[in-house]
Protein chains: 2
Amino acid sequence: MANMLYQLCFGGVAVELDVFATVNGALDEGLNGKVVVVTDVLRATTTITVALTSGCLEVIPVLTPEEAIEMRERLGNGEHLLLGGERGALKIPGFHLGNSPLEYTPEVVEGKRLIMTTTNGTRAIRRAAAGKLVLLGALVNAPAVAAAAAKAEADVSFLCAGTKDRFSLEDFLTAGALVEEMLKQHDYTLRDGARAALEVYRAYRSDILGAFRSSYHGQQLIELGLEEDLDYCAQLGTLDIVPVYAGGLIKKLV
Amino acid sequence: MANMLYQLCFGGVAVELDVFATVNGALDEGLNGKVVVVTDVLRATTTITVALTSGCLEVIPVLTPEEAIEMRERLGNGEHLLLGGERGALKIPGFHLGNSPLEYTPEVVEGKRLIMTTTNGTRAIRRAAAGKLVLLGALVNAPAVAAAAAKAEADVSFLCAGTKDRFSLEDFLTAGALVEEMLKQHDYTLRDGARAALEVYRAYRSDILGAFRSSYHGQQLIELGLEEDLDYCAQLGTLDIVPVYAGGLIKKLV
């Protein structure tokens, strides 16, 4: 049987990969104590990867713009503390930065800390907090994230942020790319969600940008003039940074 | 863009198809007032289709075995009222029938009424009740269900029962088959979930039985000796009956 091909054991127990297509559809039993890889490829997890690559020291994910502003005040409003994120895909009034990976250059974020809130991504990151190790995955860092997840030698659940609790093609496809990258490291037992994500990735792998452009959320971003973000986010394996979430902070995995 | 190929409008509004991979991941906005097609191909929606094909007059879906027994008592315990369903994929003690489509022959169910409870299927059917039209879909009746759903000229949401709130390959694949059958009727706008389900179906269409056998739930059924049920459920388009759920009862759509 196909499933039997993907077997890896640590301490005699098969290691499983699974994919949850939406945050509200994720199960505690699928997250608690697992390696959880959060995917919000358009654009939060791509953008956070870029920010850390550009020398941003850490990212504090918060759920609402109000919470972001309050936190910055509490932390002294220093110029080394930036506010970033989006609502309706656009920069939040009064914030320093939006949610485009193209904004997060070394000139802007190097040596700074970032408080960030996005519609779907930061909620997914908070939901993943029950994991024993929480990583942020995108296409740009998929091989690096897969290698880090494989090294943990434990079950891995990919948690797609989705779009307002709805299935999003780009996140499911990205989870499939991450599963494929993990299978390059070892053979694993794939739960049904991981198998489906892998097939969706394989169906679109020859034209990932086309899949992003035709996705529901991709079309919204194009309508807002954010087409270049899609070009950026559709790149596979261009960055080596793996963001890890622990104790309320996102930092580079070292 | 790929999405633009699938356009059908009624009264100037594009008609959308979407797929929800699990019951807990389904959104009210995706169900309320829509045509909802519930899919629990292994085995509830297949079995109910077979029961109605065999002349069963109606099926009353209930959530628990206790509720089933109480309802039968309330309805007089007559010999024309059968109890069917499963827990742990096996017949419930004291019930007349389990959840295998092979049990529901005309000799057993013709002219009878059935009270039924299954682990995932009846819960999904109850969840779908917000729909303006609620149909039960399987592979055996996929073309007939797709034709009935298309005739309603409204958005269609496919609600996969899943396995204990977890993504199930066989239901997602079946939803994809139903999407494909609907595209034979008209062009539709496909939401991301429908596009992904379609790709998963296309990846496995040449060996649906193999996909069922290798699925998580399929493997459980095989271990219990229920392999013949998989053979039966993997057939495409062998039955013309469309079960419809309304007012707490499942009947043949006429």
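One table, with the values for the structure above:
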read-out	value
Odd one out for B:VAL15 among (1) open to solvent by 10 Å² or more (accessible area, probe 1.4 Å); (2) farther than 28 Å from B:PHE212 by Cα; (3) not assigned by TED's automatic domain parsing to the domain that holds B:GLY94	(1)
Condition met for A:ARG191 (at pLDDT 95 or above, within 11 Å of another protein chain (Cβ to nearest Cβ), in contact with a helix residue (DSSP H, G or I) (Cβ under 8 Å, 6 or more places away or on another chain) and closer than 22 Å to A:GLY33 by Cα)	yes
Conditions (1) touching a residue at least 60 places away in the same chain (Cβ under 8 Å); (2) under 21 Å from A:THR174 (Cβ atoms); (3) more than 13 Å from the chain's Cα centre (by Cα); number of the one not met by A:GLY98	(1)
Residue check for B:LYS132: more than 14 Å from chain A (Cβ to nearest Cβ) and either open to solvent by 10 Å² or more (accessible area, probe 1.4 Å) or closer than 25 Å to B:GLU70 by Cα (or both)	yes
Subset of segment B:217-249 that is over 18 Å from the mean Cα position of the chain (by Cα) and assigned to a helix (DSSP H, G or I) - its residue that is farthest from B:ALA149 (Cα to Cα)	B:GLU223
Lone qualifier among B:THR49, B:THR45, B:THR39, B:THR64 - being within 19 Å of the chain's Cα centre (by Cα) and either open to solvent by 10 Å² or more (accessible area, probe 1.4 Å) or of a type in the set (Asp, Glu) (or both)	B:THR64
Failed item, numbered, when B:ALA177 is tested on (1) farther than 16 Å from B:LEU136 by Cβ; (2) of a type in the set (A, V, I, L, M, F, W, C); (3) in contact (Cβ under 8 Å) with a residue 12 or more places away in the chain	(1)
Qualifying positions in segment B:108-129 - among the aliphatic types (A, V, I, L, M) and either in contact with a helix residue (DSSP H, G or I) (Cβ under 7 Å, 6 or more places away or on another chain) or buried (at least 18 other Cβ atoms within 10 Å of the Cβ) (or both)	B:VAL109, B:LEU114, B:ILE115, B:MET116, B:ALA124, B:ILE125, B:ALA128
Selection status of B:VAL59, touching a helix residue (DSSP H, G or I) at 6+ places or on another chain (Cβ under 6 Å), of a type in the set (A, V, I, L, M), part of a strand (DSSP E or B) and over 21 Å from B:LYS112 (Cα atoms)	no
Out of B:SER206, B:SER157, sole residue that is in a strand (DSSP E or B) and either in contact with a Phe, Trp or Tyr (Cβ under 9 Å, 6 or more places away or on another chain) or not basic (Lys, Arg) (or both)	B:SER157
Test result for B:VAL140, more than 9 Å from chain A (Cβ to nearest Cβ), open to solvent by less than 20 Å² (accessible area, probe 1.4 Å) and within 25 Å of B:ASP28 (Cβ to Cβ)	no
Exclusive hit being more than 9 Å from chain A (Cβ to nearest Cβ) and surrounded by fewer than 24 Cβ atoms within 10 Å (Cβ to Cβ), set B:ALA154, B:ALA203	B:ALA154
Test: A:GLY88 is surrounded by fewer than 18 Cβ atoms within 10 Å (Cβ to Cβ) and under 23 Å from A:GLY225 (Cα atoms)	yes
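Yes/no per residue for (1) without any contact (Cβ under 8 Å) to a residue 24 or more places away in the chain; (2) under 29 Å from B:SER215 (Cα atoms); (3) open to solvent by 20 Å² or more (accessible area, probe 1.4 Å):
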site	(1), (2), (3)
A:ALA146	no, yes, no
A:PHE172	no, yes, no
A:ARG191	no, yes, yes
A:ASP207	yes, yes, yes
A:GLY218	no, no, no
A:VAL244	no, no, yes
A:LYS251	no, no, yes
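The values are calculated or read from the model by the stated rules, or taken from the named source; none is laboratory data. Values in this document were obtained by computation on a predicted structure and should not be read as measured data. In this analysis, Cβ positions are derived from the backbone assuming ideal geometry, glycine residues included, and neighbour counts consider all displayed protein chains. Remember, those area values only see protein heavy atoms, side chains included, never the ligands or the DNA or RNA. Shrake-Rupley method; radii C 1.70, N 1.55, O 1.52, S 1.80 Å.
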